[in-house]
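> Next up is a structure, given as structure tokens.
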Amino acid sequence: METWLRGLYDAEGMRSADSWAISDQGVDSLELMENAGRAVAEAVARLAPAGPVRVVCGKGNNGGDGLVAARLLREMGFEAEVLLLWPADELSDDATVNLGRLGEGMVEAAGDIAARLSGSAAIVDAIFGTGFSGAPREPAAAAIAAMNDCGAPVVACDIASGVDAATGEVEGAVVECDVTVTFHGAKVGHYVAPGKWATGELIVAPIGIPPGAPQPVAAGVIEPGVLDLLPRRGAQSTKFSSGQVTIAGGSRGLTGAVRMSSTAAIRAGAGYATVAVPADLEPVFEAAEVEVMSRGIPGPEGRLGTAGVDAVLAAFEKAAAGVFGPGLGRDEDSLALARSVAPRIDAPLVVDADGLNAFAGSLSYLAAREAPTVLTPHAGELGRLLKRESSEINDHRLTAAVEAASRSGAVVVLKGDDTIVTDGERVAINAVAAPALATAGSGDVLSGMTAALLARGVEPFAAACAAVIAHARAGQEAARRVGLAESVIATDVIAAIPAGLRSAGPVE
């Protein structure tokens, strides 16, 4: 895994680490469970609940972690009651040992869980662990609903019950946690929606797995170190060595998209940028963007169309990288232009906005490209590419992004608060929260930034990851400057790109 990715475990990877510690290093599994339960108990104690703590336990080792937490909470002076969802004789071996250590205060409560949770000051979710997948069945489903309804803060053991640790998918009921205490290392499901929304505050607790354990390889969180890969200008740098970016798009009523993408490209370090736009709209760009060159493309009034195929291809001849699609519009002739031109552009290419819609259900067109391709869809656009509803994409974000990358041969950037970057094998996730980016035009900014980094010679997967984290950090900085995330507009983000690109620590 790249050094600038902080690894995330999936269920299989975590099992390997546990097995290595127990089988190869001789660590007692009960010791691991003891340490896990202690971390959960300490997290509950920090909430300082004034009243009873109810620990809802499943029958596996996650339930065993909850039993340890209950015992240690009692030792700290808290009132802690264990609610078993299955008969005690169905507990795992290690959980059974810890049930014996607990003593009194255990109730088999599958039938009246809601009543038992009434009046709780805090709840521990110890139903399912990282090995869970699918939809919870009874009695777990009813218990999850009761935990969500009772109004008490919930602390999860390892991962919120109902979340698939490997994908973040949620197929049925899920516990909406305030805090999640995960063991040894964070999991993919903590960072990918919808599992991300159930996680709450994430605490990673060491539990005694020795150094040298199998490392996580399923995915990684993008860290600012990726920005150290970006070339810096020196005394001999020129606008040519810094890379030329060409952006094709624009139509009447949608001229701003191309303007923002091109301005973002030069803010992100491209030596110069050229826009290929409808000829009759070229004066708009000439007047508005003094730093960006323009080429008027002949064709139908107010838009690009197939009459301009040769002119658009000529505009990309000297480009070190390009963007196709911002503001293109959905006129069929414009989409036909995209299908004709994008596969034939020799430079690395970012396909965005209506450039993506041109390939709805036809990713094979893009797979034929020889130069690197980066696709930057939101869930609706990815749904159209894969012929699925956007809701289905949002339910299976990681799976859908990997599938699209594999089918297109491209790096896919599935935008969202948990933006996912994948080339079909490597997976990176953005964890920099930037609600200020929820504004029109922010995607155009990202496409221009990505193209600039490609033009500067950064490897496509790394370029996409660097653009994503720099974009998010720029969003944070823009909100700081403006004073309110809701007031940020895309041009504020462009102005903050230099701050987002700084590699030395977080934006202050």
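> Only one of these is within 22 Å of Ala41 (Cβ to Cβ), touching a Pro at 6+ places or on another chain (Cβ under 7 Å) and surrounded by fewer than 15 Cβ atoms within 10 Å (Cβ to Cβ): Glu104, Glu75, Glu79. Name it. Spell out how you get there, then give the answer.
Values: Glu104 fails: touching a Pro at 6+ places or on another chain (Cβ under 7 Å); Glu75 fails: touching a Pro at 6+ places or on another chain (Cβ under 7 Å).
The conditions single out Glu79.
> For a quick check of your reading: which helices (runs of 4 or more DSSP H) sit entirely within region 242-326 and have at least 3 residues that are free of Cβ contacts under 8 Å to residues at least 40 places away in the same chain and under 21 Å from Val445 (Cα atoms)?
Details: elements: 255-267, 282-288, 309-315.
The qualifying helices (runs of 4 or more DSSP H) are 282-288.
> Answer yes or no as to whether Gly457 is closer than 18 Å to Pro326 by Cβ and either in contact (Cβ under 8 Å) with a residue 24 or more places away in the chain or under 20 Å from the mean Cα position of the chain (by Cα) (or both). Steps first, answer last, please.
Details: closer than 18 Å to Pro326 by Cβ: no; either in contact (Cβ under 8 Å) with a residue 24 or more places away in the chain or under 20 Å from the mean Cα position of the chain (by Cα) (or both): yes.
In short, no.
> Where in region 132-231 are there strands (runs of 3 or more DSSP E), lying fully within it, with 1 or more residues that are of a type in the set (S, T, N, Q) and over 28 Å from Ser120 (Cβ atoms)? Before you say what the answer is, go through the steps one by one.
Numbers: elements: 154-157, 179-183, 201-205, 219-222.
Filter on region 132-231 gives an empty set.
> Just checking, which of Thr246, Thr199, Thr180 is within 30 Å of Asp310 (Cα to Cα) and hydroxyl-bearing (Ser, Thr, Tyr)? Show your work before the answer.
Values: Thr199 fails: within 30 Å of Asp310 (Cα to Cα); Thr180 fails: within 30 Å of Asp310 (Cα to Cα).
None of the others qualify; the one that does is Thr246.
> To continue, here is another question. Given the criteria part of a loop (DSSP other than H, G, I, E, B) and either modelled with pLDDT of 95 or more or in the same structural domain as Leu202 (by TED's automatic domain parsing) (or both), does Ala115 qualify?
Working: part of a loop (DSSP other than H, G, I, E, B): no; either modelled with pLDDT of 95 or more or in the same structural domain as Leu202 (by TED's automatic domain parsing) (or both): yes.
It is false that Ala115 is part of a loop (DSSP other than H, G, I, E, B) and either modelled with pLDDT of 95 or more or in the same structural domain as Leu202 (by TED's automatic domain parsing) (or both).
> What is the residue count in region 479-491 for residues that are crowded, with 20+ Cβ neighbours inside 10 Å and within 14 Å of Gly441 (Cα to Cα)?
If we filter region 479-491 for residues that are crowded, with 20+ Cβ neighbours inside 10 Å, which is where we start, we get 479, 488, 490.
Checking which are within 14 Å of Gly441 (Cα to Cα) leaves us with 488, 490.
The number of residues fulfilling the criteria is 2.
> Let me confirm something: among Val226, Val179, Val192, which residue is buried (at least 17 other Cβ atoms within 10 Å of the Cβ), among the β-branched types (Val, Ile, Thr) and touching a strand residue (DSSP E or B) at 6+ places or on another chain (Cβ under 6 Å)?
Working: Val226 fails: touching a strand residue (DSSP E or B) at 6+ places or on another chain (Cβ under 6 Å); Val192 fails: touching a strand residue (DSSP E or B) at 6+ places or on another chain (Cβ under 6 Å).
Of the residues listed, the single one that is buried (at least 17 other Cβ atoms within 10 Å of the Cβ), among the β-branched types (Val, Ile, Thr) and touching a strand residue (DSSP E or B) at 6+ places or on another chain (Cβ under 6 Å) is Val179.
Residues are listed down the side, and each one gets a yes or a no for (1) β-branched (Val, Ile, Thr); (2) crowded, with 22+ Cβ neighbours inside 10 Å:
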| site | (1), (2) |
| --- | --- |
| Glu370 | no, no |
| Gly383 | no, no |
| Leu386 | no, no |
| Asp395 | no, no |
| Ala405 | no, yes |
| Val411 | yes, yes |
| Leu414 | no, yes |
| Ile429 | yes, yes |
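Residue-by-condition table, conditions (1) within 22 Å of Ile209 (Cα to Cα); (2) touching a strand residue (DSSP E or B) at 6+ places or on another chain (Cβ under 7 Å):
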position	(1), (2)
Asp28	yes, no
Glu34	yes, no
Gly58	no, yes
Asn61	yes, no
Gly64	yes, no
Leu91	no, no
Val97	yes, no
Met106	no, yes
Ala114	no, no
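The values are calculated or read from the model by the stated rules, or taken from the named source; none is laboratory data. Everything numeric in this text was worked out from a predicted model, so none of it was measured. As a convention, Cβ positions derive from the backbone with ideal geometry for all residues, glycine included, and neighbour counts pool all protein chains shown.
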